[in-house]
Amino acid sequence: MKRVLTIQDISCLGKCSITIALPVISALGSEAVILPTAVLSTHTMFKNFTVKDLSDQIEPITQHWLSEDVKFDAIYTGYLGTPEQIDQMKELFTQFRGENTLVFVDPVMADNGKLYPAFDMAYAKKNAELCGAADIIVPNITEAAFMTDMEYREEKDHDEEYIKKMLGRLAELGARINVLTGVSLEPGKTGVMGLDTETGDYYLYQNDKINASFHGTGDLFSSTCVGEMMRGKSWQDAMRIAAEYTARTIEVTMHNPDKPWYGVDFEATLPELILAK
Ligand code: PXL
């Protein structure tokens with residue numbers, strides 16, 4: 001069985017980061033190992049959330065794993081807390097990267113043209129460094145704009161030239177596979193576009209846009225990509241399945257009259273994901 005290490009916060013309530021990554025990666029048949037970077041009472045879209053930083057636990061936990069000779073097939077980072085933690089991740093990659101380890105970085109920090117409350121431009125620059133140390137990165141347009149010093153454009157203003165230029169600038173950071181999420185190249189559609197720098201190939205996947213936005217969908221997309229790549233899917237198939245699954249989950253959530261405002265009903269759609277081809 002493949003073993004995936006995922007490193008992100010625990011938002012105790014909120015359906016995001018580790019509370020999505022663990023069930024999704026497990027459902028897709030890989031062992032999920034977690035390294036929590038912080039414990040929050042909720043995600044940061046709630047008011048008055050509490051935070052306990054766990055940076056001081058990273059070293060002792062990883063040292064113990066090294067002493068046990070633990071190996072990972074994938075290392076997947078999501079929401080991290082501080083620039084110092086990004087340095088800790090770069091160190092962790094060098095300690096645990098084997099010949100076939102997939103290093104997957106989702107530089108979670110921003111959406112809709114704005115940084116999340118906890119972050120500033122210095123953090124965005126550090127995230128760009130972390131992306132350079134990855135094999136595959138999956139920023140949204142906002143995150144990519146901050147990391148490449150390009151202008152942020154809303155979906156209605158996307159065109160192929162803008163997206164390809166952004167992918168080229170991301171590739172300069174250093175990852176082999178660069179994927180942009182929230183790409184809209186046709187009215188009424190949204191999806192992903194990726195560039196494999198080794199082959200020079202682009203991959204575009206567009207699905208119908210649903211006019212609703214929910215928290216945690218980026219984490220759902222990334223966890224699904226990692227899980228599917230561990231199931232042997234190509235990065236292109238993994239992106240397609242993850243985009244379809246995320247859209248399907250948003251649709252199902254919208255039809256739930258009792259939906260919580262803070263996350264999606266991925267629990268209802270996991271059985272479909274397991275069967276996805
Ligand atoms: O879903 C991304 C995410 C993860 N973790 C925390 C967050 C967010 C987005 O706001 O606040 C704590």
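The values are calculated or read from the model by the stated rules, or taken from the named source; none is laboratory data. Everything numeric in this text was worked out from a predicted model, so none of it was measured. Quick reminder, even Gly has a Cβ in these numbers, built from the backbone with ideal geometry, and neighbours come from all protein chains shown. Accessible surface areas use protein heavy atoms only, side chains included; no ligands, DNA or RNA. Shrake-Rupley method; radii C 1.70, N 1.55, O 1.52, S 1.80 Å.
Before moving on, here are some points about what is shown:
- Flag: Ala74 does not match the condition of being small (Gly, Ala, Ser), open to solvent by less than 10 Å² (accessible area, probe 1.4 Å) and closer than 15 Å to Gly263 by Cβ.
- Every residue from the range 152-169 that is surrounded by 14 or more Cβ atoms within 10 Å (Cβ to Cβ) and in a loop (DSSP other than H, G, I, E, B): Tyr152, Arg153, His158
- All told, Thr224 falls short of being within 16 Å of the ligand (Cβ to nearest atom), touching an Asp or Glu at 6+ places or on another chain (Cβ under 6 Å) and at negative phi.
- Residue list for the range 238-261, restricted to those being more than 16 Å from the chain's Cα centre (by Cα) and open to solvent by 50 Å² or more (accessible area, probe 1.4 Å): Arg248, Glu251, Met254, His255, Pro257, Asp258, Lys259, Trp261
- Filtering the range 1-24 to residues that are at negative phi, of a type in the set (Gly, Ala, Ser) and within 9 Å of the ligand (Cβ to nearest atom) leaves only Ser11.
- Taken over the range 96-151, residues that are assigned to a helix (DSSP H, G or I), more than 19 Å from Met193 (Cα to Cα) and more than 15 Å from the ligand (Cβ to nearest atom) amount to 7.
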